[in-house]
Amino acid sequence: GRASPPEHRRLGDAGNGITPLSPASGATVAKGTRPTFRLRVHGAGTVWVRVCRSPKRHKDGTICDTSNFGRARRSHGSLYTYTPRLFKFKGYWLETPGTYYWQAYRLDCTTSLRDCRQEGAVTRFKIG
């Protein structure tokens, strides 16, 4: 049989000190609204969020190269949030129903100069 992925690689699990909180796995975000991505982060570095149509990872562990990304800011303690801008045009992801995946990652080069992206888990949600 096929081996299961390492614990931090499974959808919704924590990885590299990053725990996705919301939208939670399987949640539905209303079309045309601005969801706030919430996550707990333990570790150094700036925190970024990517939103993609596919959960497929690159060699560095992050999902898709996309314009659907932004910097998460510390809210309080270890809680970080990111609220994307809302644009009202056909084809914009917040205006397009379907299944999406989000992932946060930290940019931290203190442990490895070869891969500064310390990626978190990938979380599936829907726009509907």
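The values are calculated or read from the model by the stated rules, or taken from the named source; none is laboratory data. Just so you know, these numbers come straight off a predicted model, no measurement behind them. Heads up, the Cβs are rebuilt from the backbone with ideal geometry, glycines too, and the neighbour counts pull from every protein chain shown. Protein only, heavy atoms only, side chains kept; ligands, DNA and RNA dropped before computing areas. Shrake-Rupley method; radii C 1.70, N 1.55, O 1.52, S 1.80 Å.
Write out the trypsin sites (Lys or Arg not before Pro) in region 50-106 meeting two conditions: DSSP loop, and at most 14 other Cβ atoms within 10 Å of their Cβ.
Of the trypsin sites (Lys or Arg not before Pro), the ones in loops of region 50-106 whose Cβ has at most 14 other Cβ atoms within 10 Å are LYS56, LYS59, ARG85, LYS88, LYS90.
Roll a 1.4 angstrom probe over the protein heavy atoms and tell me the percent of accessible area of the chain that is carbon or sulfur.
Its accessible area is 51 percent carbon and sulfur atoms.
Taking the DSSP beta bridges in the chain as the whole, what percent of them are antiparallel, to the nearest 5?
95 percent
Roughly what would the spin-label model give for SER75 and THR46, points 7 Å off Cα along C-beta, in nm?
The modelled label-to-label distance comes out at 2.1 nm.
Would you work out the relative contact order for region 8-128, in percent, from Cα pairs under 8 angstrom that are 6 or more residues apart?
37 percent
Just checking my list (i) 17.6; (ii) 15.3; (iii) 14.9 against Kirkwood radius over Cα pairs in Å computed from this structure; which label fits?
It is the one labelled (iii).
Can you list residues whose amide H is under 5 Å from ASN68's amide H, if they're 5+ apart or on another chain and H is modeled 1.01 Å from N?
Excluding prolines and chain starts, which carry no amide H, the hits are VAL51.
Over 21 Å between C-alpha atoms is what I'm after, so list which of LYS59/LYS90; LYS31/LYS90; LYS88/LYS126; LYS90/LYS126; LYS59/LYS126; LYS56/LYS88 land there.
Over 21 Å apart, Cα to Cα: LYS59/LYS90; LYS59/LYS126; LYS56/LYS88.
Can you give the accessible area per residue of the chain, in Å², using a 1.4 Å probe?
57 Å²
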